[in-house]
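K.L.:
To start, I am sharing the structure in question, which I have written as structure tokens.
Only the coordinates and a few stated rules stand behind these numbers; no lab work does. No experiment lies behind these values; they were computed from the predicted model shown. When we count neighbours, we look across all protein chains shown, and the Cβ atoms used for this are built from the backbone with ideal geometry, even at glycine.
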Amino acid sequence: MKITISKIPGIFPSGYSEQLYVDTRSVRSGIDSFVNETAKRVQIVDDPAYRKRKIQSVIYDKYTIKFITTESVDIDMLNYAGEVIITLDNGEQHLAEFIEVPTFEKLGQSEFREYTVTYRDLYSKKTINHLVYSSVTNPTYYTLIKYNGGTHYTQLYPEFGLSEWDLTSNKDNYNEQVSSESAYKTIKATFYILTTGVPNFIKELNYDNLALTYMQVSSVKYYPLETPMVDVEETEMEGVSTVNITIKYEQILNYPLA
């Protein structure tokens, strides 16, 4: 097996790499994963139970190698290298990112040490977007928003709510009385869409295109009375953005003094 380390500015010259040959094999020891979930429990199509849902999973093959060498070999350089490529005896290559700092155990009173290295192979990366709509691979949805530039879909149930009341009052004999009050019925829906499409999506959700915009929940359409409110969350997901859209679709008027 060959271990090639490179990209250590200030230690290695530019373009230089160093090879370490060891007589061992790389043993697959499962997977290493990063999972993003919804922040709270939600309902989705075909499963109305409130549960936290996976949004995106990134999966790598995980490997462990053990080898024996002397203290004269600077294994610590593995921790500082910008790139470590492990070439197996059959020619297969792994782009290694260490999960744990390489550890060693001295063999008796000799200079030999047995090192254990655990890494994820970045070449094996698989990304699963659980809640990103795809007409081919993930076509189920419960809520959609139609706008001038197209349509976005989500498996999540939306949240129905009510905006804050806007009060109009007047004073009568130094007593302030509410003469009218108004609020809006609202729908808030969360969409998981490709990050590259977010700027155009937001651009098209404007007042000029309001007549072309609606949110559909199951089979019922709701038309916004104002420009939809957009909130793009900061996340650690790769290539996917969480976009919350809130629309006001019905005004409630009340006249307490009438």
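K.L.:
So for the range 21-106, considering every pair of alpha-carbon atoms, how many percent are separated by more than 16 Å?
P.N.:
Summing the P(r) tail past 16 Å for the range 21-106 gives 67 percent.
K.L.:
Given labels modelled 7 Å from the Cα in the Cβ direction, how far is it in nm from D166 to T227?
P.N.:
If labels sit at D166 and T227, their model points lie 1.5 nm apart.
K.L.:
Right, something else. Below 9 angstrom from the Cβ of R120, what's the summed charge of the other residues (Lys, Arg +1; Asp, Glu -1)?
P.N.:
-2
K.L.:
Please give me the summed charge of the neighbours of S33: other residues whose Cβ is under 10 Å from its Cβ, Lys and Arg +1, Asp and Glu -1.
P.N.:
+2
K.L.:
Which entries of K125/K203; K40/K185; K125/K146 have Cα-Cα distances beyond 29 Å here?
P.N.:
K125/K203; K125/K146
K.L.:
Size of the dipole of the chain about the Cα centre, Lys and Arg at +1 and Asp and Glu at -1 on the beta carbon, nothing else charged, in debye to 20?
P.N.:
The dipole magnitude comes to about 740 debye.
K.L.:
Taking the Cβ of each residue in I245, I68 as the centre, tally the other Cβ atoms inside 10 Å and list the residues starting with the fewest.
P.N.:
Fewest to most other Cβ atoms nearby, the residues stand as I68, I245.
K.L.:
Follow-up. Over the range 143-254, what number does the Rg to Rh ratio reach, with both radii from the alpha-carbon atoms and Rh per Kirkwood?
P.N.:
Here Rg/Rh amounts to 1.11.
K.L.:
Quote the FRET efficiency, to the nearest 0.05, computed for S135 versus S218 with a Förster distance R0 of 25 Å and r equal to the Cβ-Cβ distance.
P.N.:
Once the sixth-power term is evaluated, E becomes 0.85.
K.L.:
Continuing with the same structure: Picking from Y142, S163, F191, whose Cα lies most toward the positive end of the charge dipole for the range 89-195 (charges on Cβ: Lys, Arg +1; Asp, Glu -1)?
P.N.:
Y142
K.L.:
Mind listing the Cα extents of the chain along all three principal axes, in Å, largest one first?
P.N.:
98, 49, 39
K.L.:
Next up: What nm distance separates the two modelled labels at K7 and D74, each placed 7 Å from Cα along Cα→Cβ?
P.N.:
Inter-label distance under the simple model: 1.9 nm.
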